[in-house]
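Here's the structure we're looking at; comments come further down.
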Amino acid sequence: FEFAIDERVTKNLLKQLNPMLADILPNKHPIQLMISNGEYSFDNSAAGLSVDLVLQIGTVEMNCQSESLRLLTDFKYKTKDTILVQFEPIRINIRNGVATYKRFNFIVNNEVPISCSGTINYLTKKLQLKSLIPLADIGYNIKELHGLDNDIYVPVITAGTIAKPAVYVDPNFDVAEILSTLSSEPIEGVITSTPDAPN
């Protein structure tokens, strides 16, 4: 299948596949969706859905108010209205109504690499996705984090539901401990605790 991105596609298809994709701005750029190994039992609703998908989005613009990119745009791109995002092919295996995302990568504004993986349960509508974002890009306004030799990635969790996703830094990620290995001096402006995950 090949289709252009419009509001109907983002709300009815892309948001169901992954809430982050609902923040893609409408345009005429074609998206390709390849389907294979499809099985569906109409008696069992989503529980009977098993299919393999490959979603090819390419380069698109996204809303900078995107909840999924909020931790990044609040710091590095907070003055922008839109942002350019280039997606690698997204491979999704759905079995018995549960979608498993193989790790896929995307690049924000041609400079920030982010990877994402996890699951979406179409029976409960619950999300369990994890993105890895470079610490130096989240802490862009902190000069001591510029030019880090170490590749340090912050795990960002997308939980909640498809209708109401919740995005937060993994509570197990200890920023203070990691930074203490890089410098003997405290770094001003660094948040050394993460917000509590939603219940």
> Picking from Lys102, Lys76, Lys80, which residue would you name as being farther than 20 Å from Ile5 by Cβ and either at pLDDT below 90 or more than 14 Å from the chain's Cα centre (by Cα) (or both)?
Replying inline: Lys76
> Quick check, is Ile107 surrounded by 18 or more Cβ atoms within 10 Å (Cβ to Cβ), assigned to a strand (DSSP E or B) and at pLDDT 90 or above?
Replying inline: no
> Within the set of pairs 6 or more residues apart or between chains, which connect a residue that is assigned to a loop (DSSP other than H, G, I, E, B) inside the stretch 45-67 to a residue that is at pLDDT below 90 and small (Gly, Ala, Ser) with Cβ atoms less than 7 Å apart?
Replying inline: Leu49/Gly97
> For the stretch 7-23, which residues satisfy the criterion of being free of Cβ contacts under 8 Å to residues at least 40 places away in the same chain and among the hydrophobic types (A, V, I, L, M, F, W, C)?
Replying inline: Val9, Leu13, Leu14, Leu21, Ala22
> So, of the residues in the stretch 83-99 that are at pLDDT 90 or above and outside any strand (DSSP E or B), which turns out to be most open to solvent (accessible area, probe 1.4 Å)?
Replying inline: Glu88
> If you scan the stretch 125-169, which residues turn out to be at pLDDT below 85, part of a loop (DSSP other than H, G, I, E, B) and of a type outside the set (D, E, K, R)?
Replying inline: Gly139, Tyr140, Asn141, Ile142, His146, Gly147, Leu148, Asn150, Ile152
> Out of the stretch 21-41, which residues are over 21 Å from Asp6 (Cα atoms) and outside any strand (DSSP E or B)?
Replying inline: Tyr40, Ser41
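The values are calculated or read from the model by the stated rules, or taken from the named source; none is laboratory data. Values in this document were obtained by computation on a predicted structure and should not be read as measured data. Every residue, glycine among them, receives a Cβ derived from its backbone with ideal geometry; neighbour counts consider all protein chains shown. Just so you know, the surface numbers come from the protein's heavy atoms only, side chains and all, with ligands and any DNA or RNA stripped out. Shrake-Rupley method; radii C 1.70, N 1.55, O 1.52, S 1.80 Å.
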